[in-house]
Amino acid sequence: VIPHDTLGVEFNNYTPPYLNLSYHWDFDDGSSSTSLNPIHLYEETDDYYVTLEVETAIAGCTKVYTQFVRVEPFFSFFAPNAFTPNNDDINDVFKPYVKGVDTYEIYIYDSWGNEVFSSFDPDEGWDGTFKGKVLGQGTYSFTAIMTKHSDIVYFQERGLINLIR
């Protein structure tokens, strides 16, 4: 998996290094490559049978390797746009759903730009309060800052939250 590409896969060819070999990769999605160690970006999550055909220049001998590959998002982020903190156990907290991160920070601001919540724990949600005080219905904004597994690049997700009472 390639950390910064959602459905990218890096393939490694472990064929012994003989001279004059040719390589043909079939990625099972209508595309192919003749690279030694290709990188391929799939367009959708699915199961694929990737085939590598190695051929020698002498006598045209061929060896075929096939491997099952399940391609699914390495990273995902989803933030709901509304929540209702009314203690009915349905949408009582605002909490983004995050998968595949090493670091995570979230900051929530009121309409004047004042920070009303922050956390470094992706499992912690905001209950619509600030310092124990219930905040009013309205639109709030958030900024989430993260690094994906095995990646060093920080990136942000931003959005609006409707607190409904």
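Looking only at region 29-40, count how many residues are surrounded by 15 or more Cβ atoms within 10 Å (Cβ to Cβ) and touching a residue at least 24 places away in the same chain (Cβ under 8 Å).
Within region 29-40, residues that are surrounded by 15 or more Cβ atoms within 10 Å (Cβ to Cβ) and touching a residue at least 24 places away in the same chain (Cβ under 8 Å) number 2.
List pairs: first in region 115-127 and under 17 Å from Leu163 (Cβ atoms) and at pLDDT 95 or above, second surrounded by 14 or more Cβ atoms within 10 Å (Cβ to Cβ) and among the basic types (Lys, Arg), Cβ under 7 Å, 6+ apart or cross-chain?
Within 7 Å, the pairs are Gly125/Lys95.
Filter region 14-28 down to the residues that are in a loop (DSSP other than H, G, I, E, B) and under 25 Å from the mean Cα position of the chain (by Cα), then identify the one that is surrounded by the most Cβ atoms within 10 Å (Cβ to Cβ).
Phe27
Can you pull out the residues in region 146-163 that are part of a strand (DSSP E or B), open to solvent by 40 Å² or more (accessible area, probe 1.4 Å) and more than 17 Å from Ser111 (Cα to Cα)? It would help to see each step written out before you state the result.
Taking region 146-163 and keeping what is part of a strand (DSSP E or B), we get 146-148, 154-163.
Now restrict to residues that are open to solvent by 40 Å² or more (accessible area, probe 1.4 Å): 154-158, 160, 162.
Scanning region 146-163 gives Tyr154, Phe155, Gln156, Glu157.
In region 79-103, which residues are hydroxyl-bearing (Ser, Thr, Tyr) and under 17 Å from Ile164 (Cβ atoms)? So that I can check it myself, show each step before the final result.
Restricting attention to region 79-103, the residues satisfying the condition of being hydroxyl-bearing (Ser, Thr, Tyr) are 84, 97, 103.
Thr84 - this is the single residue of region 79-103 that is hydroxyl-bearing (Ser, Thr, Tyr) and under 17 Å from Ile164 (Cβ atoms).
So, in region 135-165, exactly how many residues are among the aliphatic types (A, V, I, L, M), within 20 Å of Pro85 (Cα to Cα) and without any contact (Cβ under 8 Å) to a residue 40 or more places away in the chain?
The qualifying residues number 1.
Condition first: among the hydroxyl-bearing types (Ser, Thr, Tyr), loosely packed, with under 15 Cβ neighbours inside 10 Å and assigned to a strand (DSSP E or B). Now tell me which residues in region 108-139 satisfy that.
Ser118, Thr129, Thr139
Enumerate the pairs (first residue in region 77-98 and under 24 Å from Gln156 (Cβ atoms); second residue anywhere and assigned to a loop (DSSP other than H, G, I, E, B) and open to solvent by 70 Å² or more (accessible area, probe 1.4 Å)) with beta-carbon separation below 6 Å, excluding pairs fewer than 6 apart on the same chain, so at least 6 apart or on different chains.
Ala82/Ile164; Phe83/Asn91; Val93/Asp127
Quick one: in region 41-77, of everything that is outside any strand (DSSP E or B) and open to solvent by 70 Å² or more (accessible area, probe 1.4 Å), which residue is nearest to Ala144 (Cα to Cα)?
As a first pass, look at region 41-77 and keep what is outside any strand (DSSP E or B): 42-45, 57-61, 72-75.
Cutting the leftovers down to open to solvent by 70 Å² or more (accessible area, probe 1.4 Å) gives us 43-45, 57-59, 61, 72.
Details: Glu43: 26, Glu44: 25, Thr45: 25, Ala57: 53, Ile58: 57, Ala59: 58, Cys61: 54, Glu72: 23 Å.
My answer is Glu72.
The values are calculated or read from the model by the stated rules, or taken from the named source; none is laboratory data. Please read all numbers here as calculations on a predicted model, not as lab measurements. Virtual Cβ from ideal backbone geometry, glycine too; neighbours counted across all protein chains shown. We work out accessible area using only protein heavy atoms, side chains counted, and drop any ligands, DNA or RNA first. Shrake-Rupley method; radii C 1.70, N 1.55, O 1.52, S 1.80 Å.
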